[in-house]
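First up is the structure itself, then whatever we jot down about it.
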Amino acid sequence: EKAGYKHFMAKEIAEQPVVLGDAIRHYVQGGAINLPESLDFTSVDRLTLVACGTANYACMVAKYWFETLAGLPCDVDIASEFRYREPPMSPTSIAIFVSQSGETADTLAALRYVRDKVAQVVSVVNVPTSSIARESDVALPILAGIEVGVASTKAFTCQLTVLALLALKAAADRGRIDAGQLAAHLADLALLPGLLNQALARSDEIAVLAERLAEAQDVLFLGRGAMFPLAMEGALKLKEISYIHAEGYASGELKHGPIALIDRMVPVVVMAPHDRLFDKTVSNMQEVMARHGQVLLMTDARGAEEAGMGTWRTLVMPTVPDLFAPILYAVPAQLLAYHTAVAKGTDVDQPRNLAKSVTVE
Ligand code: M6R
């Protein structure tokens, strides 16, 4: 079943170009977004996105998309906090629950909490027959196929793809983008399977870096804007399967505390495509290097040319439209965690203390 791969996680990472292509073909047809007609963002005043773990990081990326593309205020919360805080909900808002399994106890309880308090309950799930899918007004499958590895990989990029399409639909419904702009974004999205393949081709190079990372006690991940949740996702992947302590931080927060950790023993992974915030991230990176932190810069060719000097290593990713960079940069983050775990000899697919589906709180 592993189709020649050593681990399910490796297989699932490698499947991403194909499953992402499937999701895009399902949700984009004839040049238009194919989502249920009942899903309409025109008169919605607010969105709430709730999930756990990796799915929560997908929600955090989506917040950047919904706010910048559609101008919709967006709250994101982890389900275990949301459900007990009993937050007031706007009756004209939509609540979106993201879950690979569709059975996560806290996410399901959060869904039940909002049930009669919002205009519509939407779920983004991998298992269409799951409890979360069944109890929502609109259930959108991410079409990733069965995910066996405890560390979520292809489900994450497929969740992001569906959320990106929801954000584009919201932007179109609300008149924030015209038909031409929508078509341009959809054309960009269609580039992703090919770009993901190019990122996967970096696997051997990443395996070499991972040999070094496997010796670290602590690793920091930094990112800005929509790359901030990616930094947290990269850290979560690494700690889950390699048991190395890792933290994801917004680059701008570095000087508010975590910079105290930096010395030559702490690798710092900087996830920074050459976007409008690149210079700011680079100046944070230089603060790390000035304190002898070992920087692994993940960027594109332009970023590498401008800022690749003096890093420990620079990993050059293909150039990707800014909006969809989080989908592409998930791949090197996953590969880095995977190869580090393999170098350490841990149980990649079934890490200690973790379950694939967390059905108890
Ligand atoms: O099935 P769900 O998407 O609701 O699961 C949520 C989290 O338990 C899950 O993403 C977890 O964080 C993964 N092990 C991350 O790799």
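Roughly what % of DSSP beta bridges within the chain run antiparallel, to the nearest 5?
That works out to approximately 5 percent antiparallel.
Modelled label-to-label distance, ARG291 and GLU1, 7 Å Cα→beta-carbon offset: nm?
Result: 4.5 nm between the two label points.
Rounding to the nearest 10 and keeping the result within 0 to 90°, find how far the Cα-based axis of helix 325-344 lies from the longest principal axis of the chain.
Taking the Cα atoms of the chain, the angle to 325-344 is about 50 degrees.
How long are the three semi-axes of the equivalent ellipsoid of the stretch 133-278, in whole Å, if each is the root of 5 times an eigenvalue of the C-alpha gyration tensor, listed from largest down?
Numbers: eigenvalues 200, 78, 54 Å².
In descending order, the three semi-axes are 32, 20, 16 Å.
What nm distance separates the two modelled labels at GLU306 and LEU354, each placed 7 Å from Cα along Cα→Cβ?
Modelled inter-label distance: 3.4 nm.
Could you tell me the ratio Rg/Rh of the chain? Both radii from Cα atoms, Rh via Kirkwood. Spell out each step's value before the answer.
On the way: Rg = 19.6 Å, Rh = 20.5 Å.
With Rh from the inverse mean 1/r over Cα pairs, Rg/Rh is 0.95.
Starting from the Cα coordinates of the stretch 1-133, work out the convex hull volume and express it per residue in Å³.
It is 135 Å³ per residue.
Can you give me the Kirkwood hydrodynamic radius for the stretch 227-280, using every pair of distinct Cα atoms, in Å to one decimal?
Hydrodynamic radius (Kirkwood, Cα only) of the stretch 227-280 equals 12.1 Å.
At a Förster distance of 56 Å, what's the computed FRET efficiency of SER43 paired with LYS255, Cβ-Cβ distance as r, to 0.05?
On the way: r = 42 Å, r/R0 = 0.75.
After rounding to 0.05, the efficiency reads 0.85.
Using only Cα positions of the stretch 141-182, each an equal point scatterer, no hydration layer, compute I(q)/I(0) via Debye at q = 0.14, 0.22 Å⁻¹ and quote the log10 values to two decimals.
Evaluating at q = 0.14, 0.22 Å⁻¹ gives log10 I(q)/I(0) of -0.43, -0.70.
If you place +1 on the Cβ of every Lys and Arg and -1 on the Cβ of every Asp and Glu, how big does the dipole about the Cα centre of the stretch 12-74 come out, in debye to the nearest 20?
140 debye
Using per-residue counts of other Cβ atoms within 10 Å, averaged over each peptide, order 240-248, 52-60 from highest down.
52-60, 240-248
Between helix 278-290 and the chain, what is the angle of the helix's C-alpha long axis to the longest principal axis, kept within 0 to 90° and rounded to the nearest 10?
Approximately 40 degrees, to the nearest ten.
Any lysines with Cα under 22 Å of the LYS169 Cα? List them, leaving off those in the same chain fewer than 8 positions away.
LYS63
How big is D for the stretch 186-264, in µm² s⁻¹ as a whole number, if Stokes-Einstein is applied with the Kirkwood radius of its Cα pairs at 25 °C and 0.890 mPa s? Each step should come with its number before you reach the end.
Numbers: Rh = 14.3 Å.
Stokes-Einstein gives a translational diffusion coefficient of 172 µm²/s.
Run lengths n ≥ 4 of DSSP H only: what is the helix-derived mean residue ellipticity at 222 nm for the chain, with -39500 (n - 2.57) per run over all residues, to the nearest 500?
Using -39500 (n - 2.57) per qualifying helix, the result is -14000 deg cm²/dmol.
Once you have the Kirkwood Rh of the stretch 45-112 from its Cα pairs, apply Stokes-Einstein at 20 °C and 1.002 mPa s and quote D in µm²/s.
My calculation gives 179 µm²/s for D.
Against the longest principal axis of the chain, how steep is helix 227-242, in degrees 0 to 90 to the nearest 10, with axes from Cα atoms?
For helix 227-242, the angle is close to 70 degrees.
Taken together, the values in this text are just the output of simple stated rules run on the coordinates, not laboratory data. Note that the coordinates shown come from a computational prediction; the quantities given were computed from them, not determined experimentally. Positions of Cβ are backbone-derived with ideal geometry, glycine not excepted, and every protein chain shown enters the neighbour counts.
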